[in-house]
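A quick write-up on the structure given underneath.
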Amino acid sequence: MDKKTSHARTIVAYIVLIFLTFLCLFFFYILIVNATRSHPEIQKGFSMIPGHSFMKNLKSVLNDANIPVLSGIKNSLIVSSLSALLATYFSALTAYGLYAYNFKLKKPAFIFIMLILVMPTQVSAMGFINLITKMGMINTLYPLFLPSIAAPAVFYFMYSYMQSSLPLELVEAARIDGCGEFKTFNRIVIPIMKPALAVQAIFAFVQSWNNYFIPALVISDNSKKTLPIHRTTVKRRCLYLLQHSEARTSSSSTWARCTC
Amino acid sequence: MAGITFKNVVKTYDNGVTVVPDLNMEIKDKEFVVLVGPSGCGKSTTLRMIAGLESITSGDMYIGDQRMNSVPPKERNIAMVFQSYALYPHMSVYKNMAFALELAKTPKDEIDKKVHAAAEILGLEPYLDRKPKALSGGQRQRVALGRAMVRNPEVFLLDEPLSNLDAKLRTEMRSQISKLHKQLGTTFVYVTHDQTEAMTMGDRICVMKDGVIQQFDTPQNLYDTPCNLFVAGFIGSPQMNFINAKVEKEGEGYVLCFGDARIKMNRRELAPYVGKEVICGVRPEDFHAEPQFFGEGNEIDAYIDLDEMMGSESYLYLNYAGQKLVTRVPARYAKKAEENIKLAIDTEKLHVFDKDTELTICQ
């Protein structure tokens, strides 16, 4: 009896899990399938079977002079990696400063950083654009990664991680061993913080990779645009096509949803 | 090699709390000094001031002839063993021990030689490639010692290094540290709250309370001639018995009266206390049940609340005239709980303390 119920339970669990997996992966599958189908094929309607136009599609994407995808990928990679690196390293450095040292205004400094956390980017965007224009950094990649140095959320994460896993005795031991303050940070603290750094590096990377708002404001040169800007261009073009095509069927709106 | 001198050292924290009000102390070269006291007595702060991890508010601190007040820790030529060992978790045992030498730009082969020499003394050879988390408490402790050893420091600082170990290992490490001290021939400063550790390891013991040195002397002297009530109570296990007594004059001499007992004590120091109350201190082993000790004016007849048989001797918890006493008597003279026992007090070893100042009157 017991065996039977546990058997049934397993089956139910598998069915639920398979269904959830399908939900998660279906859209990726459609994405891949549509990448292999030609324009008219896609307009005809939705299909589970891949087409034969993958290479053609790829070529037309890569050769589109208005949308330099490759340079977009390169720019996005540069900006995202540098953002992740700067955000994690400098946030850890700031957190260490506030965690390991005692100084006047330590508490106000902490509160100030926390206050920056509640400021949305949009609020300060105008001032930011003004600033970088005056600094001569408009239409360059610098303003896309340099501000990651001040990442209050990452700072807070690092600070709490230090509280839980960096005993000050270790820092003191390093000092007695003859380690300078900066060396202590780089050789003792950073290796201990590795798990936290990895987690925050992933978050910072993804956030920067998906960031559209600031790059759209700062970059006007086509060769310096990052992927999210190109993607928006493609999307606009799709919508335009859709609005002007006669075959405005339900299948083509599915296509728009899947590809854009 | 170097001794350590404190001259009128004051330590006040930023929040205004003064932990060490005025410290004067001289630790000689190659000496093993134990700082002991209850928690919060300033012993760790004192050690951290030697290390340079805590700033000195005023006064001077010397290591050897050099004034060290503003010298950073790394230039003091000291090594420290922490209570939590503070081993670098991401480095192997070998790296942990070699770290300080690497920073000092010691040649590779010399580092190797020193680390292996230290590892051999401490029995760490098989574990050199392991990370600290793969070691037991005792092994970590030895790595921490090894890390300090390889640097050939002038002063060895140990901050409660044994308190995270189990009882058996603690005894073992105690003798190992003592041995190490003899082998290395450097100055050791050792902080503990455990009086057994202090008594067994120290050349001299500094008993502290509220940041003030109570007494700084050899273990034997601390035990035999404590300078006040605090030291008398802190050193020794089981604790010294304190009995409230009244001083009376009897003929040429004096007697201490409590309960029915009248203990003869012919000491001139008691003269100002005639008619006043004092505190008598008697060590548990200074009560004698053996017949040859009985004499006139040193006996008490006490009721046994509880007896603990330890084999060769027996601890008796007594109730005498409303005061709780502990004694240690040879097992064959001991009696069982709920009986009465007649005991003689060794008046030669009796301590008398002033009730107000808590200072020793005579002993």
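The values are calculated or read from the model by the stated rules, or taken from the named source; none is laboratory data. Note that this is a predicted model, so its numbers are computed, not measured. No Cβ is skipped: glycine too gets one built from the backbone with ideal geometry, and neighbour counts run over all protein chains shown.
Quick notes
- Per-region count, the range B:47-67, residues polar (S, T, N, Q) and either within 17 Å of A:Asp177 (Cβ to Cβ) or within 13 Å of another protein chain (Cβ to nearest Cβ) (or both): 1
- Counted residues, the range B:68-95 - those being over 17 Å from B:Leu124 (Cα atoms), in a loop (DSSP other than H, G, I, E, B) and more than 7 Å from every other protein chain (Cβ to nearest Cβ): 8
- One residue from B:Val247, B:Val255, B:Val207, B:Val189 being in the same structural domain as B:Glu296 (by TED's automatic domain parsing) and at pLDDT 90 or above: B:Val247
- Within the range B:215-239, the set of residues being crowded, with 18+ Cβ neighbours inside 10 Å and part of a loop (DSSP other than H, G, I, E, B) comprises B:Pro226, B:Cys227, B:Ile235, B:Gly236.
- The numbered conditions (1) farther than 21 Å from B:Phe188 by Cβ; (2) touching a residue at least 40 places away in the same chain (Cβ under 8 Å); (3) small (Gly, Ala, Ser) are all true for B:Ser136 except (2).
- On inspection, B:Glu154 qualifies as within 20 Å of B:Phe99 (Cα to Cα) and touching a Ser or Thr at 6+ places or on another chain (Cβ under 9 Å).
Matching residues to (1) closer than 26 Å to A:Pro167 by Cα; (2) hydroxyl-bearing (Ser, Thr, Tyr):
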| residue | (1), (2) |
| --- | --- |
| A:Tyr99 | yes, yes |
| A:Lys106 | yes, no |
| A:Phe110 | yes, no |
| A:Pro120 | no, no |
| A:Leu144 | no, no |
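- Among the residues examined, A:Asn75 qualifies as in contact (Cβ under 8 Å) with a residue 60 or more places away in the chain, of a type in the set (S, T, N, Q) and either more than 14 Å from chain B (Cβ to nearest Cβ) or in a helix (DSSP H, G or I) (or both).
- Once the range B:1-24 is narrowed to residues that are assigned to a loop (DSSP other than H, G, I, E, B) and within 23 Å of the chain's Cα centre (by Cα), the residue that is nearest to the other protein chains (Cβ to nearest Cβ) is B:Ala2.
- Subset of the range B:240-281 [of a type in the set (D, E, K, R) and not in a helix (DSSP H, G or I)]: B:Lys246, B:Glu248, B:Lys249, B:Glu250, B:Glu252, B:Asp260, B:Arg262, B:Lys264, B:Arg267, B:Lys276, B:Glu277
- Considered as a group, the residues in the range A:158-181 that are closer than 16 Å to A:Tyr101 by Cβ and within 30 Å of the chain's Cα centre (by Cα) include one that is nearest to the other protein chains (Cβ to nearest Cβ), and that residue is A:Leu166.
- The set of residues in the range B:90-105 that are more than 19 Å from B:Met80 (Cβ to Cβ) and surrounded by 14 or more Cβ atoms within 10 Å (Cβ to Cβ) comprises B:His90, B:Ser92, B:Tyr94.
- If you go through the range A:42-72 and keep only what is farther than 21 Å from A:Pro228 by Cα and outside any loop (DSSP other than H, G, I, E, B), you end up with A:Ile42, A:Gln43, A:Lys44, A:Phe54, A:Met55, A:Lys56.
- Restricting the range B:330-348 to residues that are in contact with a His (Cβ under 7 Å, 6 or more places away or on another chain) and hydrophobic (A, V, I, L, M, F, W, C), the residue that is surrounded by the fewest Cβ atoms within 10 Å (Cβ to Cβ): B:Ala344
- Close pairs from the range B:80-95: first assigned by TED's automatic domain parsing to the domain that holds B:Arg147 and in contact (Cβ under 8 Å) with a residue 24 or more places away in the chain, partner among the aliphatic types (A, V, I, L, M) and assigned to a loop (DSSP other than H, G, I, E, B), Cβ under 7 Å, at least 6 apart: B:Ser92/B:Leu128; B:Val93/B:Leu124; B:Val93/B:Leu128; B:Tyr94/B:Leu128
- Checking each residue in the range A:119-171 for being loosely packed, with under 15 Cβ neighbours inside 10 Å, of a type in the set (A, V, I, L, M) and not in a helix (DSSP H, G or I) picks out A:Met119, A:Met135.
- Any hit, the range B:112-122, residues being within 22 Å of B:Pro161 (Cα to Cα), surrounded by 15 or more Cβ atoms within 10 Å (Cβ to Cβ), among the hydrophobic types (A, V, I, L, M, F, W, C) and modelled with pLDDT under 90: yes
- Across the range B:184-224, the number of residues qualifying as aromatic (Phe, Trp, Tyr) and more than 12 Å from the chain's Cα centre (by Cα) comes to 1.
- Qualifying residue in the range B:108-125 (condition: of a type outside the set (A, V, I, L, M), on the phi < 0 side of the Ramachandran plot and assigned to a loop (DSSP other than H, G, I, E, B)): no
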